[in-house]
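Notes follow once the structure below has been shown.
A short reminder: the numbers here are calculations on the coordinates, not readings from a lab. Quantities reported herein were computed from a predicted structural model and do not represent experimental measurements. Reconstructed Cβ throughout: ideal geometry from the backbone, glycine too, with neighbour counts over all protein chains shown.
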């Protein structure tokens, strides 16, 4: 059946789309990212609703309680709830970002499974379900996003919701032995079976999902992408997320972007610029990247007084101790490298520990001969795709990409590296800096064609088409209370 642009089936009335995410984006704001724009298109066409946390923390507020706030963005309803300080600390800072985030990024050594975190995580998901359920229509299509809200589908089912519900995970899904280390992982696994469709970033993630439910839940494989357990079935497939290439290229024409590009070209016109644009996160491999750049300068002296790495590390989750340690390590490394190699008129590394406005990012991409996208583990990493979209097709730069970024499954024409191998990463950077123009053009042409063909709009259409066509269980899931209880509770 052909998919209607927004959600459903050709020839039928369009069901309303309801998007649920930890934070709500306003697709009409000039600063809205490609994801908000893509979801906004579908929401606007169906007169949809976007539900999530407002971003406000209420000191002294009652845990698990909040008023509902609503505003309009054109045809789209934006509905939000606030969080009490206790809920914010346990649900967001705690279980989401100190338990699930490090585990899903393969960092069990950094995970904290405190009992209050688990109970707060479930309490907020229940609160989301209670506040959302009265707003739903019987024929709504519900799309829930990311690791903060894995159990939300189960909580909605417990309240009697029988709508089609899809879930999309924006970060990697690790293999079963790592997932099984989460106390109460059976409860999370059971939650996936509340959904009609689970979307993941890569083929590796879908393989891990299949192994997890088959080995741990003894699920039956009912087809290439379908699994049965707990009296329900779920379809799990990979839907690699893309960018809005045209939207990002328009952003490059803004006054802020053109002004920033002119400044950068004036300042660095006689240098070769490398860029890294990341959140300050231990998954991004930033210390390894700086060490590889240090090795580049040591082993390939022609880059001294010539190549400059502009590394932006935007602050994130600053209340988590692991990020303080990472910030200090990066300060130390960048200071050491600059101290050992800098000249009066040249700094090897320009390290900026602050947020860089999205509307100025295209300028950085355009002036850089090389982009270093070298996470130790990542769901997709859209910086890689944004960099390719911004290159001059006549004289493009080179993308150096970690094999452990989700984007590496699609972007095989990049220079792929193992970021744990510092010497080989330095060699790859040298390869990128010295690559011939014909090879750069050939690689860039293939990469650009790929990100244009598989953009964020195709991602949205593919997921919603698959959700509309997935077999739908009318029965409500077995209540989650019968699932194993976390020993952390």
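Data table
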| item | result |
| --- | --- |
| Two-site label geometry, residue 344 and residue 314: point separation in nm, points 7 Å out along Cα→Cβ | 3.8 |
| Pairwise FRET efficiency - residue 424 versus residue 352, Cβ, R0 = 25 Å, nearest 0.05 | 0.40 |
| Folded to 0 to 90 degrees: helix 437-453 orientation relative to the chain principal axis, Cα | 20 |
| Relative packing of 66-78, 239-251, which averages over residues the other C-beta atoms within 10 Å, highest first | 239-251, 66-78 |
| DSSP beta bridge pairing in segment 246-453, given as percent antiparallel to the nearest 5 | 5 |
| Relative contact order [Cα under 8 Å, 6+ residues apart], the chain, whole percent | 16 |
| Separation of the residue 218 and residue 133 label points, Cα + 7 Å toward Cβ, nm | 3.1 |
| Candidate values [x] 26.9; [y] 23.6; [z] 24.7, label of the one derived for Kirkwood radius over Cα pairs in Å | [y] |
| Antiparallel DSSP beta bridges within the chain, as percent of all bridges there, nearest 5 | 20 |
| Between 0 and 90°, nearest 10: helix 115-132 axis offset from the chain longest Cα axis | 70 |
| Exposure proxy order (Cβ contacts within 10 Å, fewest to most) of 53, 356, 143 | 356, 53, 143 |
| Inter-probe distance in nm under a simple model that places probes 7 Å from Cα toward Cβ, at residue 304 and residue 180 | 5.3 |
| Folded to 0 to 90 degrees: helix 422-433 orientation relative to the chain principal axis, Cα | 70 |
| Structure-based [θ]222 nm, the chain - -39500 (n - 2.57) summed over DSSP H runs of at least 4, per residue, nearest 500 | -11500 deg cm²/dmol |
| Proxy reagent accessibility, fewest Cβ within 10 Å first, across 473, 455, 421 | 421, 473, 455 |
